[in-house]
Amino acid sequence: MMQAVVTMTALLVPLLFLLTPGVCCLRSKEIYVKAGEMVALLCPSYQNGDAKLTWTSYTTEETDLTNMSSVEQRQMGVLVHGWSLIVLCASVNHQGNYSLRSASSQFWFRLTVNTAQSREHEEETKYSKTCYTAESCELFCPDENIPAVNTPTITSNGITWHKKGESWPIRSYFSRVEAKDSGVYTCTRSYLYHGQIYNMTFTVVLNVKTKEAAKTAEIISPHQDEVFPVDLGSAKVINCTAVVFSNFDGVFWVSGKTSVSQNTRSPVFYNLTREKHGDEIKITASLVFKKVSQEDLSKNYTCKLESVFQSSSLITITLVQKPRPSYTALALSIVGIVVVMVVTVVIYVKLKIDITLFLRDTLGCHRSTSDGKSYDAFLMCYKSDTDAGLNAYDRKQVESVLEETFGYSLCLYHRDILPGEAIAEAVLDRIEQCRTVVLVPTSPDPGLGSGVLSAIHAALVERQTHLIFIKTETTETSTSGSLAEALHLLSEAGDCVTWRGMRSMPPSSSFWKQLRYYLPVPQHAPKISLLPQTIQDVGC
C-alpha cells in the first residue's frame, strides 16, 4: 500500500509543477535503461547563464540530489555534474521521475528500468542500419543518453561489437558487405569510474539489400485524393507521373473498374510519354477531358502503376466544379470605400479650416513665404451702408489681435499712408508691398471714394493680389451709386468673412479661424499673449 502511494506521488509531481506559476520552459523526456547498466540524464538545452541548478529525485521519496555529498551520491549509485545526472548501475530503486530546475527553466525525466529479457526494452533501444551489397558499410554505436565528454572522473573505455548468436567480438566496418552480414548486432560502450567498469548496451539491426531492391518504382504526382477544380464544358488535362526502373512497368488510368481508353476520339482518354535517364524511366500518363461534363464530376479517376518487382500503386483523384465568382464581397468593398470617401470629404469640408490651422500652427506644414513683400496684409476700411460696421474699439481689436496675438505684419491705412500723398497712388503702392488686402466695414466714412475702390479692384485683377472682404451680419450692398457698385465688385473678387460682434471677439472664434485660414502664414512668429490696450488712435 505504501509503495503504491509513493508511486502515485511520483506521477503527480510533474503535473503539480505544470500548474505552478513562475516555472517556464517546462519539458519532459522518457528514458529506458536495462537493469545493471549505466544511463545519463542530460538536459538538451544547455544554458551557461543559469548559476544554480537543482537535481531532484522522485523515486521512493523526494530527494534533493544536488546538495548530497559525493560519498552520498556514490552510495546511491548516481553522479551529479551540472546539467547531467548519471545513474551508474540502474536498478528498480532508480526507477521514477527526476527533474532539473534552473533559474529560467525546468526539465523532467521519466526513467524506466527494464530487465534483460524485457521486450519493451529491446524495442526502445533498437536501431536500424541499411547497407547495399558490394559496397562498404560501417556500423555506428548510438550515443543516446551517454555521459558528457567533460564529466570528471569518468573516462570512455571503448566500444565492443557482437553479432547475435556469436560470442566473439567483431569489427564494425565491412569493406564489401554481403547478404549474410544481415542480422542483429550489439554494441557495448564501457566507462571507467573510480576503478570500476560500467557498461551501456545498444542493439543495431543491419539490413543488407541488393541494388535493385533499393530502387522502388513510385508515383510522384499527383497526390492521393487530390482534388482538381474544373469548369464544366471546358478542357482539362491531369498528368500522372511515375518513376520506374524496368521497361515492363506501366502506368494507366481507370475509372471505377473500367480502364480509360487511349483512343483520342473518346471524350475522355489518356496518352503516354516516356523519358529515360540512365537506369531511371519517367512515365507520364496524361488524362484528357475534351469537355468536362456533370457525369465526370460524379466519377473517381485512379492512376495505377503496375510493376514486375513490386505490388501495384494506386492514386485516386476527384474533379470538382470551380465555385462561381461572388461579387457580393466586391460590391461591399466598393460601397465601403465610397462611404469612407464620402465621410472623409464631409469631415474635411466641415473641419478643413481647423485641420489646415492645426497643420500650419502645430506641425508647420505650409508653403514658403519668402516672396519679397514687406507686409502680410493691408488693412483698409470701407463705408458700410448701415450702422452695422465695426466701431473704433472693434477695429482696434482686429488690428491688435492680428499683430500682437498672431504675429502678422500689417500695413494700416491711417498709420502708414502719410498726409499729403495722393490717395490712389499711395494705396496702390502699399498694395504692391502687401501679400493680402483686408477690407474692414466701418460706419463713419473713411474717406475712400469709388475711384479708390475701383483702382483697388483693377490692381487686384492685374496683380492677382489676394483680397479678404470682411462684412457684418446686416451688411447690405443694395444701395445705388458708384460706391456700392465698386464694393460689389470687390466682394466678388475675394473671400468673405463675417464679423458677428461680441461672438467674434475671442481669438478662438470662428471669425478668427476663417480670417487666418484665408490669410497667408505670418512672416514673424506670433506672440504668446495679448494685453489689454488703451484706445488712442482709432481712425481708419
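The values are calculated or read from the model by the stated rules, or taken from the named source; none is laboratory data. On a predicted model such as this, the values are computed, not experimentally measured, just so you know. Note that we place each Cβ from the backbone using ideal geometry, even for glycine, and neighbour counts take in every protein chain shown.
Some observations on this one:
- Checked against (1) among the hydroxyl-bearing types (Ser, Thr, Tyr); (2) over 25 Å from Ser234 (Cα atoms); (3) exposed (fewer than 13 other Cβ atoms within 10 Å of the Cβ), Ser298 passes all but condition (2).
- For segment 138-182, filtered to residues that are surrounded by 10 or more Cβ atoms within 10 Å (Cβ to Cβ) and acidic (Asp, Glu), the residue that is nearest to Ser70 (Cα to Cα) is Glu144.
- Residue in segment 495-508 that is at pLDDT below 85 and not in a helix (DSSP H, G or I) present: no
- Residue list for segment 236-264, restricted to those being closer than 17 Å to Lys299 by Cβ and within 45 Å of the chain's Cα centre (by Cα): Lys236, Val237, Ile238, Cys240, Trp253
- Unique match (being within 30 Å of Tyr132 (Cβ to Cβ), in contact with a Lys or Arg (Cβ under 7 Å, 6 or more places away or on another chain) and not assigned by TED's automatic domain parsing to the domain that holds Ala179) among Val243, Val292: Val243
- Among (1) loosely packed, with under 14 Cβ neighbours inside 10 Å; (2) more than 16 Å from Lys129 (Cβ to Cβ), the one test that Asn199 misses: (1)
- Comparison of Val177, Val184 shows that the only residue that is of a type in the set (Val, Ile, Thr), in contact with an Asp or Glu (Cβ under 8 Å, 6 or more places away or on another chain) and at negative phi is Val177.
- Within segment 230-254, the residues that satisfy the criterion of being surrounded by 14 or more Cβ atoms within 10 Å (Cβ to Cβ) and over 30 Å from Pro325 (Cα atoms) are Thr241, Ala242, Val243, Val244, Phe245, Ser246, Asp249, Gly250, Val251, Phe252, Trp253, Val254.
- Residue satisfying all of: in segment 161-181; part of a loop (DSSP other than H, G, I, E, B) and in contact with a strand residue (DSSP E or B) (Cβ under 6 Å, 6 or more places away or on another chain); nearest to Glu138 (Cα to Cα) among these: Ser172
- Flag if Val288 is over 30 Å from Arg324 (Cα atoms), surrounded by 13 or more Cβ atoms within 10 Å (Cβ to Cβ) and among the β-branched types (Val, Ile, Thr): no
- Meets criteria (outside the structural domain of Ser84 (by TED's automatic domain parsing), within 19 Å of Trp83 (Cα to Cα) and in contact with a strand residue (DSSP E or B) (Cβ under 9 Å, 6 or more places away or on another chain)) for Val149: yes
- Considered as a group, the residues in segment 265-283 that are touching a residue at least 24 places away in the same chain (Cβ under 8 Å) and not in a strand (DSSP E or B) include one that is surrounded by the most Cβ atoms within 10 Å (Cβ to Cβ), and that residue is Pro267.
Yes or no, residue by residue, for (1) within 29 Å of Thr153 (Cβ to Cβ); (2) touching a residue at least 12 places away in the same chain (Cβ under 8 Å); (3) not small (Gly, Ala, Ser):
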| site | (1), (2), (3) |
| --- | --- |
| Ser172 | yes, yes, no |
| Ser175 | no, yes, no |
| Glu178 | no, yes, yes |
| Met200 | yes, yes, yes |
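- Glu135 vs. criteria assigned to a loop (DSSP other than H, G, I, E, B), surrounded by fewer than 18 Cβ atoms within 10 Å (Cβ to Cβ), over 49 Å from the mean Cα position of the chain (by Cα) and not assigned by TED's automatic domain parsing to the domain that holds Met38: yes
- Filtering segment 284-326 to residues that are without any contact (Cβ under 8 Å) to a residue 40 or more places away in the chain, hydroxyl-bearing (Ser, Thr, Tyr) and over 30 Å from Asn247 (Cα atoms) leaves Ser298, Ser326.
- Of all residues in segment 68-88 being surrounded by fewer than 20 Cβ atoms within 10 Å (Cβ to Cβ) and polar (S, T, N, Q), the one that is farthest from Met200 (Cα to Cα): Ser69
- Output for segment 187-246, where each listed residue is aromatic (Phe, Trp, Tyr) and assigned to a loop (DSSP other than H, G, I, E, B): Phe245
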